[in-house]
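Written out below as structure tokens is the structure these notes cover.
The values are calculated or read from the model by the stated rules, or taken from the named source; none is laboratory data. Fair warning: this is a prediction, and the values are worked out from it, not measured in the lab. All Cβ positions, even for glycine, are placed from backbone atoms using ideal geometry, and neighbour counts span all protein chains on display.
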């Protein structure tokens, strides 16, 4: 049995692995429970590269935030933000524009609680405990409504999150509701796991996540592209995630530059109308 730490909200089931806390474990964090670690270790038996993949996803997040902030977007809605970790969205965006506004959204109470504790009185930022599958609730929440001006562009950040929405939840429709509620010039940034390179591994990985708070759904390139309907993709389009606008900073690739081992796509799109 897990021992409940003093920082864990009473209402959460610490015996049920959380995808947010498993991701924290993959990134080397400590805000996770024994159940999260057990399932994460089981997943690593299927995909030993996951820590490198998680770091690569965070690197994509940093690049897209810098890109969008430099392009004039100053409102960021981080959907499925997960546990706070180094290089947060508000830190990255506010280095470009100190007045950039950020709302973090996650369904995990531990992630939301840690986010609020980390932010404290940090200006222009807020945290919403919510399910991203309910855009109306997220967008009308008092925190979101206070921080955002919906007549101006907003960037939807959906990094490593859409693959946790099964087809029955109609992820394209969920994305579309956020898109339709945002002003022209708004953006979306995604990363998404793919089964294009190793379908057998993807099936085994999905089986592990059936034991977690949310199931995982690897998708093909065409399926991922369909989630971006209504957006014009910025160059270089939908690509292997390590190939999305690499920043040129020399650093050894832990996976030897093999994009197939990252098993994920990335893209940024802009809404024109």
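Just give me the residues in the stretch 146-178 being loosely packed, with under 13 Cβ neighbours inside 10 Å and more than 22 Å from residue 215 (Cα to Cα), in sequence order.
Once the filter is applied, which keeps residues that are loosely packed, with under 13 Cβ neighbours inside 10 Å and more than 22 Å from residue 215 (Cα to Cα), the stretch 146-178 yields 146, 149, 151.
Restricting the search to the stretch 153-167, which residues are part of a loop (DSSP other than H, G, I, E, B), more than 17 Å from residue 125 (Cβ to Cβ) and either touching a residue at least 60 places away in the same chain (Cβ under 8 Å) or touching a strand residue (DSSP E or B) at 6+ places or on another chain (Cβ under 7 Å) (or both)?
Within the stretch 153-167, 153, 160, 161 meet the criteria.
Within the stretch 42-129, which strands (runs of 3 or more DSSP E) (wholly inside it) include 3 or more residues that are touching a residue at least 24 places away in the same chain (Cβ under 8 Å) and within 12 Å of the chain's Cα centre (by Cα)? Break it down stepwise before answering.
On the way: elements: 75-79, 101-106, 125-129.
Passing ranges, in order: 75-79, 101-106.
Considering 202, 226, which residue is within 20 Å of the chain's Cα centre (by Cα), farther than 27 Å from residue 88 by Cβ, crowded, with 20+ Cβ neighbours inside 10 Å and modelled with pLDDT of 95 or more? Explain how you work it out, then say what you get.
On the way: 226 fails: crowded, with 20+ Cβ neighbours inside 10 Å.
The unique qualifying residue is 202.
Looking only at the stretch 101-136, count how many residues are surrounded by 21 or more Cβ atoms within 10 Å (Cβ to Cβ) and touching a strand residue (DSSP E or B) at 6+ places or on another chain (Cβ under 6 Å).
12
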